[in-house]
Amino acid sequence: MRIVFIGDIVGKPGRRAVKELLPALRERHGGFDLVIANAENAAGGNGITAAIASELTDAGIDLMTMGNHVWDQKEFADEIADVPNVIRPANLPKAAPGRGWAVTQSAAGVPVAVLNLGGGIFFNQYHNPFEAAEDIIPKLRESANVVVLDFHAEATSEKIAMGRFLDGKASLVVGT
């Protein structure tokens, strides 16, 4: 399975780079089964909007993850429910709008679960990401054999620890 994960798309230059480079990458590599991107800074370097999410979808991104800047564009809290291919960190408080994971079909028809978690070090708004992963991943495995985690965290050591913690439990752990 060919999954492409694009790190943090920042502002208009990042969106332009995706639009210009992703089609050539698809052609060069014979296509991809799924394209995921962290797009939490796609709106001028701070947050995202529904219109920008639509622009990135049109550019070929299948699913977008967020991070600590998810609400920097205030209107997005009201828009996120109408943008099905955007997920926010699952370990935000339960009252937060949107959802923290999605199960989607790859181009080959394989169900892929994508989970988004925020780190615990330097991010006070998130609940324990290790407990959240331990809780959520077994549920995702009921719907998909492939589980991808975007772990949006500040500390490299925490990202490494999460990768080791999920060894054998997740198919891919990406630290943004």
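The values are calculated or read from the model by the stated rules, or taken from the named source; none is laboratory data. Quick caveat, the model's predicted, so the values are computed rather than measured. A quick note on method: Cβ atoms are made from the backbone with ideal geometry, for glycine too, and the neighbour counts reach across all protein chains shown. Areas reflect the complete protein model, heavy atoms only, side chains present, ligands, DNA and RNA absent. Shrake-Rupley method; radii C 1.70, N 1.55, O 1.52, S 1.80 Å.
Does the stretch 73-174 classify as rounded, prolate or oblate by the C-alpha gyration tensor (a ≥ b ≥ c root eigenvalues; a/c under 1.5 gives rounded; else a/b over b/c gives prolate, otherwise oblate)?
Numbers: a/c = 1.88, a/b = 1.03, b/c = 1.83.
In terms of gyration-tensor shape, oblate.
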**Request:** Keeping all protein chains in place, calculate the accessible area per residue for the stretch 1-148 (probe 1.4 angstrom), answer in Å².
**Result:** 48 Å²
**In nm, spacing of pseudo-spin labels at Ile160 and Glu131 (7 Å Cα→C-beta vector)** = 2.6 nm
**Request:** Filter the chymotrypsin sites (Phe, Trp or Tyr not before Pro) in the stretch 45-144 to those in DSSP coil with at most 13 other Cβ atoms within 10 Å of their Cβ, and list the result.
**Result:** Phe122
**Asked** Taking the stretch 73-176, which GluC sites (Glu not before Pro) meet the DSSP loop condition and have no more than 16 other C-beta atoms within 10 Å?
**Response** Glu75, Glu142, Glu154
**Message:** With the crude spin-label approximation of a point 7 Å out along Cα→Cβ, what separation in nm comes out for Asp58 versus Arg2?
**Reply:** 2.5 nm
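Expressed as a whole percentage, what fraction of the accessible surface of the stretch 80-176 belongs to carbon and sulfur atoms when a 1.4 Å probe is rolled over the protein heavy atoms? Kindly include the intermediate steps, with their values, before the conclusion.
On the way: 2500 of 4770 Å².
About 52 percent, which is the carbon plus sulfur part of the accessible surface.
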**Request:** Specify which residue in the list Trp71, Asn41, Ala81 is farthest towards the positive end of the charge dipole of the chain, using unit charges on the beta carbon of Lys, Arg (+1) and Asp, Glu (-1), about the Cα centre.
**Result:** Asn41
**Complete:** Violations at 26 Å Cα threshold for listed pairs Lys74/Lys139; Lys94/Lys159; Lys12/Lys169; Lys94/Lys139; Lys74/Lys94; Lys19/Lys169 -> Lys74/Lys139; Lys12/Lys169; Lys19/Lys169
**Request:** Check each of the trypsin sites (Lys or Arg not before Pro) in the stretch 84-170 and keep only those in coil by DSSP with at most 11 other C-beta atoms within 10 angstrom; list them in order.
**Result:** Lys94
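Quote the charge dipole size of the chain about the Cα centre in Debye, to the nearest 20; the model charges only the Cβ of Lys and Arg (+1) and of Asp and Glu (-1). Mind showing how you got there, number by number?
Values: 16 positive and 21 negative charges, 63 e Å.
Roughly 300 debye for the chain.
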**Request:** Please compute the net charge surrounding Ile121, taking Lys and Arg as +1 and Asp and Glu as -1 over other residues with Cβ under 12 Å from its Cβ.
**Result:** -1
**Item:** Rounded to whole Å, sorted largest first: equivalent-ellipsoid semi-axes of the stretch 1-159, Cα gyration tensor
**Value:** 23, 20, 14
